[in-house]
Amino acid sequence: MSPEIEGGAGVRKLAYCAGGFSAAIFLAHFLLPARWVLPGALAAVVLALVTLLLLGQTRRRVMAALLSAAIGFGWYAAASALRLTPVQNVSGDVQTVTARVTEYPVAYARSYGLTALLTSPDVPNCKARLYVSDADAAALRPGDEITADVKFRPSTLRYGEETDAYISKGIYLIGSVRDKTLARTGVWSRSWLYWPKTVAQSLKTSAQAAFPADVLPFAQALMLGDKSALYAQDLDIPLSTTGIMHTVAVSGLHLAFLLGFLRLFIGNRRMTAIIGLPMMVVFVVMAGCDGRMKKRNYYTEFAEQLPDDCVILTAGFAKYRYNKLSLGDINGIPRVLDTGQCNDSYSLALTAMKLQDVFGLEGM
């Protein structure tokens with residue numbers, strides 16, 4: 001079997017596995033009652049064994065999808081048992097807790113929002129969103145250790161209705177801090193690990209000075225992934241209603257904006273690379289095709305406008321236009337890396353995973 005055919009077969013197998021796993025997560029989260037999740041995993045295993053009666057490639061494909069679905073159901077059940085179930089049992093009474101701040105405070109009209117990792121032995125070790133009215137909260141920084149009297153509730157409920165807006169961000173508890181009880185007790189010994197937060201906050205401050213007030217919420221969302229100003233001005237409501245909230249989601253495009261923003265303020269191409277590359281190496285995925293007519297050259301124009309610090313991962317016929325451009329390289333890495341055609345998305349995912357390993361990242 002040639003390497004191309006063998007690689008294609010591997011991609012199809014992974015596609016069946018990914019489809020089964022994703023379907024199980026969707027069913028467990030949106031459709032099945034919690035008590036049916038583990039039986040769903042068992043049913044998927046039984047059906048996978050039944051597929052042994054089938055013949056040819058169909059047997060392997062169906063078995064791969066069903067076994068992956070069983071893993072998905074089991075994964076969801078384990079995650080719920082480790083995270084969701086403990087927070088449901090947290091007392092609704094006021095209790096004194098210790099925590100470590102993980103994000104810069106978000107200022108609201110009459111309070112501040114703090115994202116913190118709970119470190120008290122008598123509460124689950126998870127992230128919580130704390131709302132505090134004390135003005136001292138504004139001075140807190142990621143890595144600061146605090147203590148406060150807090151009344152908790154699960155983050156799965158909002159105004160009496162179920163929501164996954166918080167748990168999708170890894171926040172499992174919402175807490176109201178009693179007045180005058182918040183106190184900073186010290187600094188975590190490894191607070192230097194939060195240096196990316198410090199860089200992002202510095203960029204946010206620069207953006208506030210550079211952009212007009214009416215543009216600032218969108219600029220921060222596009223470049224930094226910070227949508228707090230959008231929420232504060234209720235701009236997320238019309239964006240969600242019209243179905244264009246995705247335009248301010250963090251993606252490779254917006255990471256490219258970030259390095260472009262760095263170069264705008266630094267002014268020197270080499271210095272931008274020195275500062276930007278240690279923070280992140282930007283790989284922009286471009287999948288799609290320019291039109292036949294010469295004026296339909298969106299991808300070519302986009303490739304020309306990307307900052308010089310970006311590497312383009314291609315998947316599509318668009319590359320046959322912009323790979324003729326003199327885009328150069330970054331420390332020997334060509335700025336255009338061909339990963340296949342539009343249907344070769346797995347190649348992009350595999351490349352991203354390899355890059356994650358090379359750069360020692362937790363996620364990508």
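Quick notes on this one:
- Distances between placed amide hydrogens fall under 5 Å for GLY143 paired with VAL101, THR102, all partners being 5 or more residues away or on another chain.
- Sum of side-chain charges, VAL50 neighbourhood, beta-carbon under 15 Å (Lys, Arg +1; Asp, Glu -1): +3
- For ASP134, distant residues with modelled amide H under 5 Å away: LYS180
- Label positions at THR98 and THR85, each projected 7 Å from the Cα along the C-beta direction, are separated by 2.8 nm.
- Full-extension gain in nm, LEU42 to ALA135, via 0.36 nm per residue minus C-alpha separation: 28.2 nm
- Charged neighbours of SER120, selected by a Cβ distance under 15 Å, balance to -1 (K, R count +1; D, E count -1).
- Under Karplus coefficients 6.51, -1.76 and 1.60, residue-wise ³J(HN,Hα) of the range 79-84 in Hz, glycine/proline x: 4, 5, 5, 7, 10, 5
- Under Stokes-Einstein, with the Kirkwood radius over Cα pairs as Rh, the value for the range 130-243 at 20 °C and 1.002 mPa s is 129 µm²/s.
- Filter on LYS127/LYS204; LYS127/LYS151; LYS13/LYS169; LYS151/LYS227; LYS169/LYS227; LYS197/LYS227 - keep pairs with C-alpha separation over 20 Å: LYS127/LYS204; LYS13/LYS169; LYS151/LYS227
- Of the trypsin sites (Lys or Arg not before Pro) in the range 50-159, those whose Cβ has at most 13 other Cβ within 10 Å and which sit in DSSP loop: ARG110
Each value in this text was obtained by applying a stated rule to the coordinates, not by laboratory testing. Please read these numbers as outputs of a predicted model, since none were measured by experiment. Note: ideal-geometry Cβ built from the backbone for every residue, glycine included; neighbour counts use all protein chains shown.
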